[in-house]
Every structure is written in C-alpha cells, then in structure tokens.
Amino acid sequence: MTASDAPSARRPAAPRSALNAARRTADLDVLADGATVDLLVIGGGVTGAGVALDAAARGLRTVLIEAHDLAFGTSRWSSKLVHGGLRYLASAQVGVAHESAVERGILMTRTAPHLIRPLPQVVPLLPSVSRSTQALVHTGFLAGDMLRRAARTPAALLPRARRVDAREAARLVPAVRTEGLRGALVAHDGQLVDDARLVVAIARTAAEYGARVLTRARASNVTGTGADVTDTLTGQTLHIGARAVVNAAGVWADQLDDSIRLRPSRGSHLVFDSADFGHPKGALTVPVPGSTSRFVFALPQQLGRVFVGLTDEEAPGPVPDRPVPTDAEVDFLLDTVNTALGRSLTRADVRGAYAGLRPLLDSGDGATADLSRRHAVRESPSGVITVVGGKLTTYRAMSEEAVDTACRLRGLTARPCRTRDLPLVGAPGHPGSRPAGRADAPAPLISRYGGEARALLAAATVADPQRRIADTINITRAEIEFAVTHEGALDADDVLHRRTRIGFVDADADAARAAVEEIVAGH
C-alpha cells in the first residue's frame with residue numbers, strides 16, 4: 001500500500017499549528033461574535049508574525065490580519081541572509097550591529113536552526129581589489145568575529161574569518177576569475193533556506209499558541225481600539241475590537257499611521273542558474289567601488305539558483321505590490337559581479353529578477369544607504385502602536401519591544417517574553433518536530449521543513465506524493481498539498497510565490513502551475 005492509498009482515518013490529526021481555509025473560516029466566525037481581543041496585529045510579514053507569536057506565547061488573545069498573504073511584501077524579497085550586522089559598524093551603528101549579531105545567534109542556535117545554514121562569504125583578492133581595500137575588508141571581517149564572540153555564537157557554527165589560497169577560492173566559487181587571483185578572504189554568516197518559509201513558520205507557531213492568523217483580511221478605520229476588517233474573498237466586513245493595536249504593515253505602515261514618514265529604499269536581485277557560477281559552495285562577495293560597507297553578493301540558493309544582489313536605491317512614490325529592478329540596477333549588478341568572474345554574464349543569462357522595499361524611517365537628508373536600520377516603536381495620536389524600520393534578522397527583538405510597549409501603554413497583563421528560547425515549528429526542541437534522516441525523508445525536504453519532513457509525508461493524501469511537481473523542479477507534490485493543508489496557502493499563487501518560491505523564475509511557474517492548481521483545487 002502506498003502513502004496515497006492509506007485510509008485517511010490512519011493519518012495523523014492536523015497539529016494546532018496548521019493553517020488552512022477551514023481554520024480561517026472558523027476563526028472569522030468566532031470573531032464575528034464581537035468579543036474584544038487583547039492584541040490586533042496588522043501585517044503578515046516577518047515583524048507582524050513575530051509580534052503575534054510573542055503576544056500569543058505570553059498568553060494574550062491575539063489576532064493577526066494580512067490584506068494579502070503571509071510574507072507578501074518585503075519579507076519575501078530579501079537576500080535570504082541572517083547577518084551579523086557587520087556593515088553597520090562602518091557607519092558607527094554599533095548598537096544595531098550588536099543587536100543583529102545577537103539575534104542571528106538566537107535564530108541559528110535556538111529558534112530556527114533548521115532553516116539557516118552557515119554560508120562562507122568569499123572576497124576574491126583580484127587585481128581590482130587594492131591592498132588598502134583588502135586591509136579594510138580584513139579588518140571588517142575581524143570586527144565581525146568580535147561581534148560573533150560578543151553574541152556568544154560558537155566558532156564551530158560560524159567559523160572564524162581567514163585567508164585562503166587561490167585554489168581554495170576557486171573551489172568555493174568555481175566561476176571566479178583566476179587571472180591574477182592571489183587568494184580570498186573568507187568569513188561566515190547565516191543564510192536562510194527561504195525568508196518566506198521563516199515567516200510562515202513564525203505565523204504557524206503563533207497559531208499553535210492560540211493566535212488567529214487571517215490572510216485576505218484588509219483593515220480599515222484603524223484606531224487604537226480596533227479596526228474594521230474586510231474578508232476580501234467574500235466582501236464581508238466585521239469589526240475587531242482590541243485593547244491594543246500594533247501596526248506592522250512594513251512599507252505600507254504610513255498608510256495606517258500618518259504620524260510617521262517613511263523613505264523606502266529598493267534592494268534588487270537577479271536570478272541565475274547555479275551552473276553559471278559553477279555550483280558555488282560560498283557567496284561570491286564583490287566590494288562596490290567607492291564604498292566601505294557595500295558589496296554585491298552572488299548567493300547560492302535552493303532549486304539550483306544563484307541570486308545576485310543587492311542595490312540600495314531611493315524608491316519614492318506609491319508602493320507597488322511587487323517592486324521590480326530598474327534597468328540601471330540590472331546593469332549595476334551585472335557590471336559589479338562581472339569584475340570577479342572568469343566569464344562575464346549578460347542579460348541573456350538572467351532567469352528572473354526581484355526587488356524589495358526597505359521600510360526606513362525618514363530622518364532628513366542623505367542617501368537611503370546612510371539611513372539607520374534601527375527599528376522604532378511609536379504610539380500614534382490615534383493610539384495605534386507602530387513598529388517600523390529594522391530588518392529581517394532582528395524581527396524577534398522588534399516584536400518583543402512592540403509587545404512590551406503595548407502591555408505598558410494599555411495595561412495588558414501578560415507573561416514575560418519567551419521567544420528567545422522558543423523553537424519554531426520544525427526546529428529541534430519543538431514538541432511537534434522529530435529528527436529526520438535520509439531513511440525518513442529526502443534531503444531537500446529535511447532542508448526545507450526540518451523536523452516536520454516526516455510529518456509532511458505522513459500527512460500526504462495526494463497521489464504520488466514524492467513525485468516532483470515538474471520534471472526540472474525539485475519540489476514534491478506532497479509539499480504543494482502541505483502548503484494548503486498546514487501552511488495557509490489559499491490559491492496557486494500563494495504556493496508558487498510564497499510557499500515554494502518556484503515563482504522566482506517565470507518559466508518554472510508556468511511549468512508547475514497546472515499541477516499546483518489541480519492539487520489546490522482538491523482541497
């Protein structure tokens with residue numbers, strides 16, 4: 001008997017962390033009765049999900065609403081790095097740098113080690129890299145080691161910075177230019193398997209602690225005591241009363257709180273086949289000429305891709321649902337990365353592209369690259385508590401401060417923050433996670449789901465659960481089903497663009513869409 005033939009009665013019951021259409025409907029029905037909750041969170045990115053988890057884990061009655069889907073905005077458009085804040089030292093943002101290093105250590109050792117890998121960052125020492133630049137990078141890497149030690153992250157997890165010879169540099173990044181190569185400087189940082197998967201894991205863990213997580217739920221008439229919420233699938237509107245309201249809408253936060261002023265900056269990336277870089281084991285790291293703190297990275301990714309990024313450009317005007325790189329940014333990324341490659345890449349090699357907008361607080365004049373990445377938690381005149389700024393790595397600290405502020409300003413009675421040591425779903429130590437080896441699940445499943453890999457296969461009802469969704473895409477049919485039954489995906493786009501990331505390449509999305517739509521329709 002195959003997994004798809006087994007009687008449904010023998011399948012394990014869905015865990016409390018499972019998000020799906022049925023749970024969404026049930027939660028909306030309960031909220032329609034009009035009971036006041038302790039905390040209403042607006043925004044389903046990494047910060048909003050983090051606030052919901054922090055609050056729910058403290059025992060607060062919590063609702064998170066998101067107008068689109070989890071990780072719909074900036075949280076899915078990052079470089080997928082959990083970084084230690086090294087670049088902030090160059091602009092004297094020592095506090096931000098230390099906070100980043102501490103939060104990176106928490107993620108990599110306790111809360112989400114199943115989703116993060118140590119990544120070598122390889123700076124090739126080519127003729128274009130002057131001795132003074134080499135010395136500056138070396139000093140920066142040593143400072144990064146100091147941050148790591150201050151955060152008590154072990155060197156066994158993030159090895160110390162070192163210099164390697166040309167042969168080792170070419171082993172780590174086979175496509176590197178070898179002419180005149182005198183070795184490389186190598187440091188390690190954290191890399192997410194996927195940023196959107198982190199957001200989903202946080203939201204599901206929040207749901208496990210009792211938070212109601214509602215996507216396709218748009219807020220209007222927001223005040224410090226609640227909001228009208230429209231179910232965009234049905235058009236029905238209800239009012240959710242709350243003792244505290246947290247605005248975590250990211251680059252849209254100023255639309256809910258007009259007392260703040262944002263100055264978004266755009267970070268753009270290009271998508272390439274991993275073969276174009278020789279299937280690298282490290283991130284090719286190329287200093288940007290004229291800058292002491294900026295680099296262009298070629299970052300190895302899942303599904304046989306490499307992402308080249310990133311830019312830091314002013315992004316004035318209306319905030320689009322899906323930002324796109326400009327032609328000038330594409331040229332900048334290609335020109336910069338090509339200085340370190342043996343074969344120059346062209347636009348014809350680009351398989352896809354994406355951009356994200358950083359929700360930076362406007363502090364006056366100066367380039368967006370110089371604006372502080374420190375987050376802010378503020379109470380608006382309407383009583384809404386807005387959390388904005390910061391970055392993906394420090395979402396947990398931002399969330400803790402936002403919930404602390406809500407408790408202090410609104411007199412909420414809650415337990416102390418627990419998220420420093422609270423494993424997310426799939427992480428070692430999580431009650432629902434079980435260590436999985438190759439005999440239990442394929443390695444790609446373990447890398448994406450950690451301790452849930454076996455449960456994912458056990459829960460599968462779809463035919464041929466371990467068959468790929470398309471011949472060239474290493475995503476299984478069971479993963480598509482799991483996205484719908486456990487991860488809150490409501491349609492094919494949720495699956496393609498935010499649960500599996502197949503959609504980074506349009507041709508891949510086209511190849512998989514029919515099969516994905518069939519599985520989604522079956523649930």
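Nothing in this text is a laboratory measurement; each read-out follows from the coordinates by a stated rule. Just so it is clear, the model here is predicted, and its values are computed rather than measured. Counting neighbours? That spans all protein chains shown, and the Cβs are built from the backbone with ideal geometry, glycine included.
Counting other Cβ atoms within 10 Å as a rough exposure proxy, the listed residues THR472, THR500 run THR472, THR500 from fewest neighbours to most.
Taking Cα atoms, how many degrees apart are the long axis of helix 21-31 and the longest axis of the chain, rounded to 10 and kept between 0 and 90? That works out to roughly 50 degrees. In the chain, taking the dipole from charged Cβ atoms about the Cα centre, the farthest positive-side position among PRO154, VAL246, HIS68 is held by PRO154. Along the axis of the charge dipole computed for the chain (Cβ charges of +1 for Lys and Arg, -1 for Asp and Glu, origin at the Cα centre), the listed residues VAL505, ALA376, LEU357 are led at the positive end by ALA376.
When the Cα positions of HIS188, ALA35, TYR209 are compared along the charge dipole of the chain, HIS188 comes out farthest toward the positive end, with charges on each C-beta of Lys, Arg, Asp and Glu. Each residue of the stretch 111-116 was assigned a 3J(HN,Hα) from its phi angle through the Karplus curve 6.51 cos²θ - 1.76 cosθ + 1.60 (θ = phi - 60°); the sequence is 8, 8, x, 6, 10, 10 Hz, with glycine and proline shown as x.
Rg/Rh for the stretch 270-339 (Cα atoms only, Rh after Kirkwood) is 1.00. Ellipsoid fit via the Cα gyration tensor, the stretch 140-202: semi-axes of 27, 19, 8 Å, each the root of five times an eigenvalue, largest first.
Would you mind computing Rg(Cα) / (2.2 N^0.38 Å) for the stretch 162-303, counting N as its residues? Relative to the rule-of-thumb radius for its length, the stretch 162-303 sits at 1.58.
For the stretch 211-268, the ratio of Cα radius of gyration to the globular rule of thumb 2.2 N^0.38 Å stands at 1.28. When only Cα pairs under 8 Å and 6 or more residues apart are kept, what is the percent relative contact order across the stretch 437-521? Here the relative contact order equals 22 percent. Projecting the alpha carbon convex hull of the stretch 223-339 along each direction and taking the average yields 11.4 nm². If only the Cβ of Lys and Arg carry +1 and only the Cβ of Asp and Glu carry -1, the dipole of the chain around its Cα centre is close to 1980 debye. If only the Cβ of Lys and Arg carry +1 and only the Cβ of Asp and Glu carry -1, the dipole of the stretch 437-521 around its Cα centre is close to 380 debye.
In angstrom, the C-alpha Rg and Dmax of the chain are 22.6, 71. Ranked for footprinting exposure by Cβ neighbours inside 10 Å, fewest first, ILE480, ILE116 give ILE116, ILE480. Full extension of the chain between ALA511 and ARG418 yields a length gain of 29.2 nm, computed as 0.36 nm times the residue separation minus the alpha carbon distance. Please report, to two decimal places, log10 I(q)/I(0) for the stretch 79-237 at q = 0.10, 0.14 Å⁻¹ as given by the Debye formula with identical point scatterers on the Cα atoms and no solvent. Results for the stretch 79-237 at q = 0.10, 0.14 Å⁻¹ read -0.54, -0.82. The stretch 366-523 has equivalent-ellipsoid semi-axes of 37, 21, 16 Å, by the square roots of 5 times the alpha carbon gyration tensor eigenvalues, sorted largest first. Rounded to two decimals, the Cα radius of gyration of the stretch 437-521 over 2.2 N^0.38 Å is 0.99. About its Cα centre, the dipole of the stretch 302-421 is roughly 800 debye, where the only charges are +1 on Lys and Arg Cβ and -1 on Asp and Glu Cβ.
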